[in-house]
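K.L.:
Got a structure for you, written out below as structure tokens; questions coming shortly.
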Amino acid sequence: MSGISKACCSIPPVISKGYQPKGAYQTINGIKTYVTGPETATKAILVVYDIFGFFDQTVQGADILATSAEQKYRVFMPDFFEGSPADISWYPPTTDEHKKLLGEFFSTKAAPPANLPKIPKIVEEANKLAPAGKYDWAMLGLCWGGKITALTVAGDNQIFKAAAQVHPAMVDPNDAKTIKVPFAVLASKDEPAADVEAFQKGLTVPHHVETFSDQIHGWMGARSNLEDDRVKAEYERGYKTVLQFFGQHA
């Protein structure tokens with residue numbers, strides 16, 4: 001099943017370097033959060049960043065999501081790592097030290113049990129900014145955030161109407177079986193193809209699964225080299241694809 005319609009978006013020119021954010025940082029449930037999009041929006045997207053935190057490429061992506069489609073969104077991107085994300089020089093891990101640091105980060109700060117409980121409270125607080133007191137929510141996760149997103153919309157999720165993960169980390173086909181809302185997966189060439197295929201087969205909801213076969217893990221987030229024309233084009237197409245999916249399902 002595919003959940004993509006062709007008509008969608010008018011994405012502004014992607015800025016390759018020196019991006020100036022359109023939103024602002026607010027404190028939501030005690031967490032520094034990048035908030036962007038019109039205050040009049042009735043729908044919202046929770047963006048869960050990758051392990052490298054607030055990067056220009058990720059912030060620009062949040063701004064694209066907010067205003068590029070006919071449907072406008074208020075977009076919230078919380079700082080789950082509270083100012084201490086992973087260092088981008090650790091990835092890909094080329095030394096034993098980098099492997100050790102990444103392993104420790106994933107098992108402590110990035111561990112799902114340390115982060116999943118924050119999400120309902122962030123949403124509850126963010127809803128106070130909604131014109132009618134509550135948004136209709138979608139969720140997007142990048143890399144590590146993709147895993148968090150899959151786990152969040154599994155089972156008895158009562159918050160999110162649709163979700164997507166891009167270049168997801170730790171792809172587990174078993175996660176797909178419990179997802180209950182329309183779900184999109186945009187994979188890179190670096191995720192195990194067999195796992196992505198098995199994940200797709202496990203989905204029982206409307207879905208869109210696509211591999212951007214010449215893009216690296218992280219091309220829509222912190223590791224994106226937007227000075228490369230091909231990467232820039234696929235970065236734009238990735239965000240457009242997410243917006244198309246949310247436009248149809250969220």
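K.L.:
Looking only at trypsin sites (Lys or Arg not before Pro) in DSSP loops with at most 12 other Cβ atoms within 10 Å, what is the longest site-free stretch of the chain?
P.N.:
The answer is 18-250.
K.L.:
Also: Using a Cα-Cα cut-off of under 22 Å, which lysines could be cross-linked to Lys109, ignoring same-chain neighbours fewer than 8 residues away?
P.N.:
Result set, ordered by chain and number: Lys32, Lys99, Lys100, Lys118, Lys121, Lys147.
K.L.:
Moving on. Any idea how far apart Thr108 and Thr95 come out in nm if each label point goes 7 Å out from Cα toward Cβ?
P.N.:
Label at Thr108, label at Thr95, 1.9 nm between them.
K.L.:
With no other cysteine's Cβ closer than 4.7 Å, which Cys residues of the chain count as lacking a disulfide-compatible partner?
P.N.:
That list is Cys143.
K.L.:
Quick one: which residues, 5+ away or cross-chain, put their amide H under 5 Å from the amide H of Ile45? H built at 1.01 Å from N.
P.N.:
Residues meeting the criterion, in which the H sits 1.01 Å from N, are Arg74, Val75, Phe76, Ala138.
K.L.:
If you take every residue apart from Met77 with its C-beta less than 15 Å away from the C-beta of Met77, what net charge results, scoring Lys and Arg +1 and Asp and Glu -1?
P.N.:
That works out to -2.
K.L.:
Rank Tyr49, Val153, Pro13 by how far each Cα sits towards the positive end of the charge dipole of the chain (+1 on Lys, Arg Cβ; -1 on Asp, Glu Cβ) and give me just the farthest.
P.N.:
Val153
K.L.:
Gaussian network model of the chain, Cα springs within a sub-10 Å range: biggest mean-square fluctuation belongs to which of His207, His167, His98?
P.N.:
Evaluated over the chain, the most mobile residue of the options is His98.
K.L.:
Taking 21 Å as the cut-off for C-alpha to C-alpha distance, list the pairs among Lys72/Lys240; Lys43/Lys189; Lys189/Lys240; Lys22/Lys180 that go past it.
P.N.:
Check vs 21 Å cut-off fails for Lys43/Lys189; Lys22/Lys180.
K.L.:
While we're looking at this one, here's another question. For a Förster distance of 25 Å, can you work out the FRET efficiency between the beta-carbons of Asn225 and Ala193, rounded to the nearest 0.05?
P.N.:
Here the calculated transfer efficiency is 0.65.
K.L.:
Tell me, what are the semi-axes, in whole angstrom and largest first, of the equivalent ellipsoid of the chain as set by the roots of 5 times the Cα gyration tensor eigenvalues?
P.N.:
23, 21, 20
K.L.:
Right, here's the next one. Once you place label points 7 Å from the Cα toward the Cβ at Thr211 and Lys161, how far apart are they in nm?
P.N.:
Between Thr211 and Lys161, the simple spin-label model gives 3.3 nm.
K.L.:
Within the chain, what's the longest run with no GluC sites (Glu not before Pro) in a DSSP loop and at most 11 other beta-carbon atoms within 10 Å? Give the range, please.
P.N.:
For GluC sites (Glu not before Pro) (loop position, at most 11 other Cβ atoms within 10 Å), the longest site-free span of the chain is 71-226.
K.L.:
Which value in Å is the Kirkwood Rh of the stretch 131-250 over different Cα pairs?
P.N.:
Taking the inverse mean of 1/r over all distinct Cα pairs, the stretch 131-250 comes out at 14.3 Å.
K.L.:
Per residue of the stretch 152-164, what does 6.51 cos²θ - 1.76 cosθ + 1.60 with θ = phi - 60° give for ³J(HN,Hα)? Whole Hz please, x for Gly and Pro, Karplus curve as stated.
P.N.:
Rounded to whole hertz, the list is 5, 8, 7, x, 9, 3, 10, 9, 9, 8, 7, 8, 8.
K.L.:
Now a separate question. Calculate the dipole size of the chain relative to its Cα centre from +1 charges on Lys and Arg beta carbons and -1 charges on Asp and Glu beta carbons; express the result in debye to the nearest 20.
P.N.:
For this selection, approximately 700 debye.
K.L.:
Which value, to two decimals, describes the C-alpha radius of gyration of the stretch 42-121 once divided by 2.2 N^0.38 Å?
P.N.:
1.29
K.L.:
Nearest-5 percent of antiparallel DSSP beta bridges in the chain?
P.N.:
Beta bridges within the chain, antiparallel portion: roughly 30 percent.
K.L.:
On to the next question. Under the definition of Cα pairs under 8 Å and six or more residues apart, what whole-number percent is the relative contact order of the stretch 24-249?
P.N.:
Once normalised by length, the contact order is 20 percent.
K.L.:
Just to verify a number: FRET efficiency for Lys177 and Ile88, C-beta to C-beta distance, R0 = 35 Å, to 0.05?
P.N.:
Working from the Cβ atoms, E equals 0.60.
K.L.:
I would also like to ask the following. Work out from phi, with θ = phi - 60° and the Karplus expression 6.51 cos²θ - 1.76 cosθ + 1.60, the ³J(HN,Hα) of each residue of the stretch 63-68, listed in order in whole Hz, and give x for Gly and Pro.
P.N.:
So the Karplus estimates, Gly and Pro as x, are 5, 4, 4, 5, 10, 7 Hz.
Every read-out reported here was derived from the displayed coordinates using simple, explicitly stated rules and does not represent laboratory data. Note that the structure is predicted; figures quoted are calculated from it, not measured. Counting neighbours? That spans all protein chains shown, and the Cβs are built from the backbone with ideal geometry, glycine included.
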